[in-house]
Amino acid sequence: MTTLLFDDCTRNASETEELGYRLSEVILPELCKTGFVFIALNGELGAGKTAFIRGLMRRFNEDIYVHSPSYTILNEYRGCCPDGAEVTVAHFDVWRIHDEDDLFSVGFFDWFPSEIPDNPNAYAGGNSRIVMAVEWGENIEYALPDSLYTVDIEGSGNEPRHIRVFYKDKI
């Protein structure tokens, strides 16, 4: 089942960031309850996927510098939830990922708490939480979890962005 959460237009990076912050308010109850949230971001090069994550991350740590993981594939950001629990945002860029072997080699599946029970990165209980935010999620549909948030961004360059945010539950 798919639920549309937002259907908005943004005119600049600041407005795109604000929409990311709004999504952080939506995911917070689930993050506090389950300890894990997955967000797939889809859009052209320069669409504003990283700006969206910058706004989302502001909820957890206003002082952190969020930048594109295009060359590093993964950036990790640490912060706190309003209840004081630690949160790690695992910000992936899978543009150059070609198959499941590539995902394994970059540690993608290590972030899923149910995949590796003793994984030190995974959700360990009430004191730590994980948000996986994956740019170019459409490139790895075969690896997406059953429940996730999807951010579809249309537009790039100096044109406005049409941003739709969905919650998808494949169950």
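Values computed for the structure shown
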quantity: Scan of the stretch 55-83 for residues that are crowded, with 16+ Cβ neighbours inside 10 Å, aliphatic (A, V, I, L, M), in contact with a helix residue (DSSP H, G or I) (Cβ under 7 Å, 6 or more places away or on another chain) and in a loop (DSSP other than H, G, I, E, B), ordered by number; calculated: Val66
quantity: Test: residue in the stretch 91-98 that is outside any helix (DSSP H, G or I) and under 19 Å from Ser24 (Cβ atoms); calculated: yes
quantity: Of all residues making up the stretch 135-159, the number that are free of Cβ contacts under 8 Å to residues at least 60 places away in the same chain and either within 12 Å of the chain's Cα centre (by Cα) or part of a loop (DSSP other than H, G, I, E, B) (or both); calculated: 3
quantity: Residue in the stretch 84-104 that is modelled with the lowest pLDDT, counting only those that are surrounded by fewer than 12 Cβ atoms within 10 Å (Cβ to Cβ) and of a type outside the set (Asp, Glu); calculated: His98
quantity: Selection count, the stretch 42-54, where residues are crowded, with 18+ Cβ neighbours inside 10 Å and over 11 Å from the mean Cα position of the chain (by Cα); calculated: 4
quantity: Subset of the stretch 1-54 [more than 19 Å from Trp111 (Cβ to Cβ), assigned to a helix (DSSP H, G or I) and among the small types (Gly, Ala, Ser)]; calculated: Ala13, Ser14, Gly20, Ala51
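The values are calculated or read from the model by the stated rules, or taken from the named source; none is laboratory data. Predicted, not measured: the structure shown is a model, and the values here were computed from it. All Cβ positions, even for glycine, are placed from backbone atoms using ideal geometry, and neighbour counts span all protein chains on display.
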